[in-house]
Amino acid sequence: MKQLIGLLSVAMLAIVVTAAAPAEPTTTEWTSIDQLAEKLKKEPRPVIVEMYANWCGWCKKMDKTTFADPEVVSLLNESVYVVKINGETTDKFTFLGKETSGRDMVKALGIQGYPTFILVDNDQDRLEIVSGYKTSPQLKRIITKLAKK
């Protein structure tokens with residue numbers, strides 16, 4: 001009987017501790033291009049723009065793996081604003097004070113494949129363009145480096 005009570009006590013404690021622990025963010029908080037300027041005014045942060053296409057298999061794989069990794073999600077949500085822009089759209093929007101479209105950005109920046117990431121620092125200066133699928137460790141290094149600038 002004592003063993004049963006002890007076992008139940010341990011189980012209840014585990015449930016209470018688990019329920020009380022703060023939940024890790026489970027999804028990347030994507031910022032819409034329309035919200036970006038306002039968010040940057042309120043709280044300046046570096047920006048990572050993922051240029052993608054609906055048909056891009058590597059983009060979809062990153063959504064399911066890299067952008068779902070809890071460590072990547074935490075780093076992204078705490079350190080930067082992350083935005084997705086469809087590189088094939090002709091819909092106009094404002095990015096860093098200029099009217100453009102996804103297609104215009106692809107052409108102006110010489111983007112030749114997806115996914116491609118545009119890294120922007122706190123001063124809203126474009127720092128770098130990084131192309132290709134990124135694993136969790138690769139993207140964590142990129143985020144950490146960008147957040148330090």
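Before moving on, here are some points about what is shown:
- Any hit, segment 107-128, residues being more than 21 Å from Thr26 (Cβ to Cβ), out of contact with any strand residue (DSSP E or B) (no Cβ under 9 Å at 6 or more places or on another chain) and either part of a helix (DSSP H, G or I) or open to solvent by less than 30 Å² (accessible area, probe 1.4 Å) (or both): yes
- Each residue in segment 108-120 was checked for being within 22 Å of Leu36 (Cα to Cα) and either at pLDDT 95 or above or of a type outside the set (Val, Ile, Thr) (or both), and 9 of them qualify.
- Close pairs from segment 121-149: first at pLDDT 95 or above, partner open to solvent by 60 Å² or more (accessible area, probe 1.4 Å), Cβ under 7 Å, at least 6 apart: Tyr133/Trp58; Tyr133/Lys61; Ser136/Glu71; Lys140/Glu71
- The residues of segment 39-62 that are closer than 22 Å to Val120 by Cα, in contact (Cβ under 8 Å) with a residue 12 or more places away in the chain and not in a helix (DSSP H, G or I), listed by number, are Pro44, Arg45, Pro46, Val47, Ile48, Val49, Glu50, Met51, Tyr52, Ala53.
- Residue, surrounded by the most Cβ atoms within 10 Å (Cβ to Cβ), within segment 75-87, restricted to residues that are outside any strand (DSSP E or B) and not hydrophobic (A, V, I, L, M, F, W, C): Gly87
- Only listed residue being open to solvent by 30 Å² or more (accessible area, probe 1.4 Å) and either closer than 17 Å to Thr116 by Cβ or touching a residue at least 24 places away in the same chain (Cβ under 8 Å) (or both), chosen from Thr90, Thr65: Thr65
- Top-ranked residue of segment 93-106 - restricted to ones that are in a strand (DSSP E or B) and without any contact (Cβ under 8 Å) to a residue 40 or more places away in the chain, ranked as farthest from Ala53 (Cα to Cα): Lys98
- Just one of the listed residues (Lys42, Lys60) is under 20 Å from Gly132 (Cα atoms) and surrounded by fewer than 20 Cβ atoms within 10 Å (Cβ to Cβ), and it is Lys60.
The values are calculated or read from the model by the stated rules, or taken from the named source; none is laboratory data. If you're wondering where the values come from, they're calculated on a predicted model, not measured in any experiment. Using ideal geometry, Cβ is built from the backbone for each residue, glycine included, and neighbour counts are taken over all protein chains shown. These accessible areas exclude ligands, DNA and RNA; they are computed on the full protein's heavy atoms, side chains included. Shrake-Rupley method; radii C 1.70, N 1.55, O 1.52, S 1.80 Å.
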